[in-house]
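Notes to accompany the following structure.
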Amino acid sequence: MSQMRLRFAPSPTGPIHVGNAHTMLFNWLWARSQGGTFILRFEDTDQERSRPEWEEVIINEMKWLGLDWDEGPDIGGPYGPYRQMGRLHLYQEYLEKLKAVGAVYPCYCTPEELAAERAEADRKKVAYKYSRRCLRLTEEEKARLEAEGRRPAWRLKVPDGEVITYHDMIRGEISFPTDSISDPILVRSNGIPTYNFTVVVDDITMKITDVVRGEGHISNTPVQILIYRALGVEPPRFAHVSHLLNTERGKISKRKGEMSVTSLREKGILGEALFNYLALLGWTPKGEGREILSKEEIIKEFNIYDVNKAAAVFDEEKLEWMNGVYLRRKSREEFAELALPFVVQAGLITEEEARARWDWFVELMAQVQERVRVLSEVPGLVDFFLKDEIEYDEKAVAKFLTEAIRPFFRRLADRLEEVEWTVPAIEECTRGLMAEMELQPKQAMQPIRVAVTGRTASPPLFDTLYLLGRERAVARLRRWC
Ligand code: GLU
């Protein structure tokens, strides 16, 4: 293993959005492609919104996507704890270091005072920067404020007139003049540290070498670099992955649950297909037209320096197409296992019933394996096999289930009651009767299909009859006699 150490640091405040999953995947791929260590860490200092249930969802969805980690809140490791609320003593320790070198100052401003400053900046239409009122407080004034019972927040004193430059592994050189940076609060007056501070302390104490995260953090990076500098520690390498766009080139909606990894899984996207699809958003393997790649190939070929900084488009249609490719590559047995929960969820069968007739169930699922792109389509394609009462397409009924077909149906039902129940025997029996009654396939087969399935499209007719089972097939024919 190399000495590279990377971490994924989600806040357990909601489901994983595809955008987060994309960043997380690139982060993981950079670690795995380099033989580095990958760490999961929860940023749970937002006590109102952080929930253990979300931690569980995040862990499950990461595993489902095929990602793993070497250290984390669930498995421990030498640099724990892996939740920020368990690390408050470390933030305190590092705050003391910053105080000792004079890099931070106490700020007693109330939320109202700060709101007034912001409003003033808005009125003047200038970017807000803290006035540094508290930087100028004398020791006496501080003592007086403390005596009033005010607890200070701690701000980093940003140096004046400098330019902070760093090299981003995806975006190249990025510079920020320090004069554009407002002195950030590192620890709030209630003692809870802020993101920019905790992330630096965690990354230092967990010996993180490479930070891969979303482009939303580009503007936080100079602040973090200043904290590293004040602490006398070399910052890690940074890579900021561009946010994904939707097919209209807008932001992907973050409405509750929408476009979450969970919603895609529930729709019947496979983790491995999502892995493959997301890996190709912003990264292109060498060679023409390579789209279906195994996890191993991707790990072997991935390089963060090859990632495109232009935003990639998340196209659900394309993902579904790719998912269909993955579904068709499954064995019939595997496909049936994957489809089973969807069919059960739709209330069409219980798991016990399916397992009790497993060969039949596998056969049934095989009828639609070639046709579906997502597993949630399966129930709608097989429901007529599994329901007692089916819906009939009225137009098809009017067209095919005419008075004239009844004698044929009656005799067919009688014969199907007796025949050996195999596909060839059913076919022979049906074709034999058609010949006797001088019916063309056109005149006979589509009416049978409509009578037993309710619709004009279904898997091959004799397989359909066989899979329906004798009882259902005969009953549905009799219904139209
Ligand atoms: N909790 C932050 C996020 O999910 C972590 C950012 C970072 O990796 O520094 O965006």
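At-a-glance table
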read-out	value
Failed condition for GLY454, given (1) over 42 Å from the mean Cα position of the chain (by Cα); (2) in contact (Cβ under 8 Å) with a residue 60 or more places away in the chain	(1)
Of the criteria (1) within 16 Å of the ligand (Cβ to nearest atom); (2) open to solvent by less than 20 Å² (accessible area, probe 1.4 Å), which one HIS243 fails	(2)
Any helices (runs of 4 or more DSSP H) falling wholly within the range 296-379 and containing at least 2 residues that are farther than 30 Å from GLU248 by Cα	332-345, 351-356, 358-369
Selection count, the range 130-154, where residues are surrounded by 12 or more Cβ atoms within 10 Å (Cβ to Cβ) and farther than 14 Å from THR178 by Cβ	15
Test: residue in the range 181-203 that is open to solvent by 40 Å² or more (accessible area, probe 1.4 Å), over 18 Å from GLU96 (Cα atoms) and among the charged types (D, E, K, R)	no
Filter result for GLU43 (within 10 Å of the ligand (Cβ to nearest atom) and either modelled with pLDDT under 95 or in contact with a Ser or Thr (Cβ under 6 Å, 6 or more places away or on another chain) (or both))	yes
Output for the range 1-17, where each listed residue is open to solvent by less than 50 Å² (accessible area, probe 1.4 Å) and away from the ligand (no atom under 14 Å from the Cβ)	SER2, MET4
Verdict on GLU391 being touching a residue at least 40 places away in the same chain (Cβ under 8 Å) and surrounded by fewer than 13 Cβ atoms within 10 Å (Cβ to Cβ)	yes
Qualifying positions in the range 143-171 - out of contact with any Lys or Arg (no Cβ under 8 Å at 6 or more places or on another chain) and closer than 30 Å to TYR305 by Cβ	GLU162, VAL163, ILE164, THR165, TYR166, ASP168
Listing of strands (runs of 3 or more DSSP E) fully contained in the range 156-224 that carry 1 or more residues being among the aromatic types (Phe, Trp, Tyr) and away from the ligand (no atom under 15 Å from the Cβ)	172-177
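Results for (1) open to solvent by 30 Å² or more (accessible area, probe 1.4 Å); (2) at negative phi; (3) within 38 Å of the chain's Cα centre (by Cα); (4) modelled with pLDDT of 95 or more, shown as yes or no for each residue.
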site	(1), (2), (3), (4)
ALA398	yes, yes, no, yes
ALA404	yes, yes, no, no
GLU418	yes, yes, no, yes
LEU433	no, yes, no, yes
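Listed here are the residues, each with its yes/no results for (1) free of Cβ contacts under 8 Å to residues at least 12 places away in the same chain; (2) touching a strand residue (DSSP E or B) at 6+ places or on another chain (Cβ under 9 Å); (3) closer than 19 Å to LYS207 by Cα; (4) away from the ligand (no atom under 14 Å from the Cβ).
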{"position": "GLY19", "(1), (2), (3), (4)": "no, yes, no, no"}
{"position": "THR23", "(1), (2), (3), (4)": "no, yes, no, no"}
{"position": "PHE38", "(1), (2), (3), (4)": "no, yes, yes, no"}
{"position": "LEU65", "(1), (2), (3), (4)": "no, no, no, yes"}
{"position": "GLY77", "(1), (2), (3), (4)": "no, yes, yes, yes"}
{"position": "HIS89", "(1), (2), (3), (4)": "yes, no, yes, yes"}
{"position": "VAL101", "(1), (2), (3), (4)": "no, no, no, yes"}
{"position": "GLU112", "(1), (2), (3), (4)": "yes, no, no, yes"}
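The values are calculated or read from the model by the stated rules, or taken from the named source; none is laboratory data. Remember, predicted model here, so these are calculated numbers, not experimental data. Here Cβ is always computed from backbone atoms with ideal geometry, including for glycine, and neighbour counts include all displayed protein chains. In case anyone asks, the SASA skips ligands and DNA or RNA and just uses the protein heavy atoms, side chains included. Shrake-Rupley method; radii C 1.70, N 1.55, O 1.52, S 1.80 Å.
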